Amino acid sequence: MKFEHLIEINDPLNPLTAVLTRSQLWRGLVRRAEQPEDFMLGLDSCRIIERRSNELLRELSFGPVIIRDRVRYESGDVVHYRTEFPPELAGAVLTMRIEEPQPGHLFVRFHYDHPGADIETVEAEGSAAEAVANVRRSAYTRADIDTIKTIRRYAHEGLLHDA
């Protein structure tokens, strides 16, 4: 299953929306990777197992369930998450990309890819699988909206200082 959506960050037509700078937005996306407890409901803890200049290997604890993923940063505007599963299961990939079609008009594109939940599987399994896919898309969208709200709150609180 592939799914993507776009969240507008700065709306030039809405003066009531607090403006985020590109660097505040980037620092917020990095903070989501490095301190996911602040962003992910149900996450008990996150342990960073390995850190490189542009990559993290994390272990996420949801009660008894432990999930490992790799987070890679690219050029100050892309964050890739790749969930590690056993070889017999397909992993999941999330890409968050900052887009700026006009100066200061920022968006974040969220792209999800679950190779094991492709459209052929949904079609073969029928309406129940389609319903599950719809619930998954809705949950992703809600979580991403919450991510941006949290980033906005941190910026307002001065926790994402502009360089």
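If Ala143 satisfies all but one of (1) at pLDDT below 90; (2) under 24 Å from Ser45 (Cα atoms); (3) among the small types (Gly, Ala, Ser), what's the number of the condition it fails?
Every condition holds for Ala143 apart from (1).
Checking Glu125 against (1) under 16 Å from Lys2 (Cβ atoms); (2) at pLDDT below 95; (3) surrounded by 11 or more Cβ atoms within 10 Å (Cβ to Cβ); (4) among the charged types (D, E, K, R), only one condition comes out false. Which one?
Of everything listed in (1) under 16 Å from Lys2 (Cβ atoms); (2) at pLDDT below 95; (3) surrounded by 11 or more Cβ atoms within 10 Å (Cβ to Cβ); (4) among the charged types (D, E, K, R), Glu125 misses just condition (1).
Of the residues Phe62, Phe3, Phe39, which is of a type in the set (Phe, Trp, Tyr) and over 14 Å from the mean Cα position of the chain (by Cα)?
Of Phe62, Phe3, Phe39, the one residue that is of a type in the set (Phe, Trp, Tyr) and over 14 Å from the mean Cα position of the chain (by Cα) is Phe62.
Return a yes/no flag: does segment 20-36 have any residue that is among the aliphatic types (A, V, I, L, M), closer than 24 Å to Ala92 by Cα and loosely packed, with under 14 Cβ neighbours inside 10 Å.
no
Where in segment 1-106 are there strands (runs of 3 or more DSSP E), lying fully within it, with 1 or more residues that are over 25 Å from Arg142 (Cβ atoms) and polar (S, T, N, Q)?
Numbers: elements: 2-8, 45-52, 55-62, 65-74, 78-84, 93-102.
So the answer is 93-102.
Just one of Thr95, Thr83 is of a type in the set (S, T, N, Q), modelled with pLDDT under 95 and within 23 Å of Ile145 (Cα to Cα); which is it?
Just one listed residue meets the conditions, Thr83.
Looking for whichever is touching a Ser or Thr at 6+ places or on another chain (Cβ under 8 Å) and of a type in the set (D, E, K, R) here; the options are Asp77, Asp69. Which one fits?
Asp69
Return only the number of the condition from (1) modelled with pLDDT of 90 or more; (2) in a helix (DSSP H, G or I); (3) more than 27 Å from Glu8 (Cα to Cα) that Ser138 does not satisfy.
It is condition (3) that Ser138 fails.
Just wondering, is there one or more residues in segment 3-18 that are under 29 Å from Glu130 (Cα atoms) and loosely packed, with under 11 Cβ neighbours inside 10 Å?
Checking segment 3-18: not a single residue is under 29 Å from Glu130 (Cα atoms) and loosely packed, with under 11 Cβ neighbours inside 10 Å.
The values are calculated or read from the model by the stated rules, or taken from the named source; none is laboratory data. Since the model is a prediction, treat every value here as computed from it, not as a measurement. Cβ coordinates were reconstructed from backbone atoms using ideal geometry, including for glycine residues, and neighbour counts include every protein chain displayed.
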